[in-house]
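J.: What follows is a structure written as structure tokens; I'll ask about it next.
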Amino acid sequence: MQNKLSLIQKLPLFQLFFLAFALLWSTETNAQFNKEIGDWESHLPLQIAKHVTQSDEYIYYSTELSINRIDKEEFVGQFYSKIDGFSEVGVSQIAYDKQGDQLIVAYVTGAIDIVNADGTIQTIQDLKLNTTFIEKEINKIIVTDNRRILYATRFGILVQNADNYFFEFTTNMETEVFELTQRNNELYAATAEGIYKFIEADNSNPGDFTKWELQDGEVGLPAIYEAKDIEVFGDELYAIVDNQVYKTNAGAWELFDAEENRTFQFISSEGSDLLIGGFDDGVSFIDLVKSDGSKIPSTTCCGNSMIDAIQTEDGSIWYADNWHGIRHQSEHNKACSSILFNSPY
């Protein structure tokens with residue numbers, strides 16, 4: 001024993017460090033496998049939120065591998081993943097259908113899970129198994145007033161019945177659709193080639209792309225442009241067009257916000273106010289627009305690398321951020337709070 005101790009004492013410092021690390025790793029590795037296979041638990045990275053949506057009671061976040069549900073009053077998180085019955089990992093987008101009381105989860109493969117209020121999960125594989133479209137990732141999901149789920153995809157629009165889950169039609173636009181919205185009987189698509197408008201009252205088949213009208217210079221927009229986001233707020237439309245924000249006024253589009261150092265990322269109309277978020281010289285900002293159209297600039301933002309945000313009915317703001325922790329504010333421009341969970345980064 002004495003000889004072994006003297007040998008260790010003579011080891012160089014870096015070898016002592018390596019030996020200590022190896023012993024520690026061995027101990028930790030053995031400790032992780034005390035459970036039987038049937039008792040395993042998921043321990044997934046939950047700190048980075050990709051997308052956010054809400055029901056009346058909960059905030060839902062998607063991470064790359066799971067769904068995080070947070071109680072609005074208690075701030076208690078509940079995590080769901082493939083081990084809990086979801087069909088896949090690799091979430092591309094989520095949305096909550098409040099009328100149907102169901103969470104819609106889309107994956108990068110094109111698979112779709114619909115989680116009902118009782119916790120049962122309906123998995124739809126139609127898009128995933130379709131051989132016509134190669135790019136199947138879904139950019140955005142909305143639920144319309146006439147009980148349709150609209151998926152914005154890299155090839156156009158996919159439309160599904162929100163009650164029986166049958167796919168009603170596909171609008172092949174041959175361009176990427178980033179966002180969709182509905183205003184009364186009008187559908188709008190923000191695409192790589194501009195904003196397209198469809199009047200549902202005049203045409204019974206939105207699957208016919210020739211019935212969609214491009215919004216161009218005749219209505220106040222540029223002749224050639226890209227539209228990344230579009231939302232309805234009040235009776236007006238707001239859209240991100242070539243890194244500027246436009247809005248409608250009496251049927252015509254006009255410039256609403258354009259600052260040289262800003263990069264506009266998203267528009268959100270979930271709450272009583274409109275949120276416009278992005279980066280100002282690399283620093284996250286979130287402006288608030290009131291119902292009268294007045295804008296309150298950002299002075300305090302919770303985001304480090306903000307992807308999305310929503311406002312709840314009580315005026316609080318919840319951030320989806322490509323950084324550590326779940327962020328929220330009790331009000332716009334108020335102090336920022338974080339919710340951290342025991343999970344890998």
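The values are calculated or read from the model by the stated rules, or taken from the named source; none is laboratory data. None of the values given here were measured: they were computed from a predicted structure. With ideal geometry, Cβ positions are generated from the backbone for all residues, glycine too; neighbour counts draw on all protein chains shown. All accessible areas refer to the heavy atoms of the entire protein, side chains included, with ligands and DNA or RNA removed. Shrake-Rupley method; radii C 1.70, N 1.55, O 1.52, S 1.80 Å.
J.: Which one of the conditions (1) of a type outside the set (Asp, Glu); (2) part of a strand (DSSP E or B); (3) open to solvent by 50 Å² or more (accessible area, probe 1.4 Å); (4) in contact with an Asp or Glu (Cβ under 6 Å, 6 or more places away or on another chain) does ALA117 fail to meet, given that it meets all the rest?
T.: With (1) of a type outside the set (Asp, Glu); (2) part of a strand (DSSP E or B); (3) open to solvent by 50 Å² or more (accessible area, probe 1.4 Å); (4) in contact with an Asp or Glu (Cβ under 6 Å, 6 or more places away or on another chain) applied to ALA117, the lone miss is (2).
J.: In the list ALA152, ALA162, which residue meets the criterion of being at pLDDT 95 or above, under 21 Å from the mean Cα position of the chain (by Cα) and buried (at least 20 other Cβ atoms within 10 Å of the Cβ)? Show your work before the answer.
T.: On the way: ALA162 fails: buried (at least 20 other Cβ atoms within 10 Å of the Cβ).
Selected residue: ALA152, the only one of ALA152, ALA162 that is at pLDDT 95 or above, under 21 Å from the mean Cα position of the chain (by Cα) and buried (at least 20 other Cβ atoms within 10 Å of the Cβ).
J.: Looking at region 165-186, which of its residues are among the charged types (D, E, K, R), open to solvent by less than 50 Å² (accessible area, probe 1.4 Å) and over 27 Å from ILE121 (Cα atoms)?
T.: Step one: filter region 165-186 for residues among the charged types (D, E, K, R), giving 168, 174, 176, 179, 183, 186.
Next, only the ones that are open to solvent by less than 50 Å² (accessible area, probe 1.4 Å) stay: 179, 183, 186.
Result: ARG183, GLU186.
J.: Right, next: In region 84-98, which residues are open to solvent by 40 Å² or more (accessible area, probe 1.4 Å) and either in contact with a helix residue (DSSP H, G or I) (Cβ under 6 Å, 6 or more places away or on another chain) or among the aliphatic types (A, V, I, L, M) (or both)?
T.: VAL89
J.: Do you know which residues across region 285-326 are polar (S, T, N, Q) and either open to solvent by 10 Å² or more (accessible area, probe 1.4 Å) or part of a loop (DSSP other than H, G, I, E, B) (or both)?
T.: Step one: filter region 285-326 for residues polar (S, T, N, Q), giving 291, 294, 298-300, 304-305, 311-312, 316, 322.
Scanning region 285-326 gives SER291, SER294, SER298, THR299, THR300, ASN304, SER305, THR312, SER316, ASN322.
J.: For region 257-269, check the following and say yes or no: at least one residue is within 16 Å of the chain's Cα centre (by Cα), outside any strand (DSSP E or B) and surrounded by 15 or more Cβ atoms within 10 Å (Cβ to Cβ). Before you say what the answer is, go through the steps one by one.
T.: Looking only at region 257-269, we keep the residues that are within 16 Å of the chain's Cα centre (by Cα), and these are 264-269.
After this cut, where a residue has to be outside any strand (DSSP E or B) as well, the list is 269.
Narrowing the set further to residues that are surrounded by 15 or more Cβ atoms within 10 Å (Cβ to Cβ) leaves 269.
Looking for residues that are within 16 Å of the chain's Cα centre (by Cα), outside any strand (DSSP E or B) and surrounded by 15 or more Cβ atoms within 10 Å (Cβ to Cβ), one finds at least one in region 257-269, hence yes.
J.: Can you say whether SER81 is open to solvent by less than 70 Å² (accessible area, probe 1.4 Å) and farther than 19 Å from LYS140 by Cα, as far as the supplied structure shows? Show your work before the answer.
T.: Numbers: open to solvent by less than 70 Å² (accessible area, probe 1.4 Å): yes; farther than 19 Å from LYS140 by Cα: yes.
Answer is yes for this residue.
J.: A further question on this structure: Considering (1) at negative phi; (2) open to solvent by 60 Å² or more (accessible area, probe 1.4 Å); (3) of a type in the set (D, E, K, R), say which one ASP242 fails and leave the rest.
T.: (1)
J.: Condition (residue is surrounded by fewer than 16 Cβ atoms within 10 Å (Cβ to Cβ) and touching a Leu at 6+ places or on another chain (Cβ under 8 Å)) applied to region 125-140: is it met by at least one residue?
T.: yes
J.: Now for a separate question. Report the residue count in region 212-241 for those that are among the small types (Gly, Ala, Ser) and assigned to a strand (DSSP E or B).
T.: Filtering region 212-241 down to residues among the small types (Gly, Ala, Ser) leaves 217, 220, 223, 227, 234, 239.
Cutting the leftovers down to assigned to a strand (DSSP E or B) gives us 227, 239.
So the count comes out to 2.
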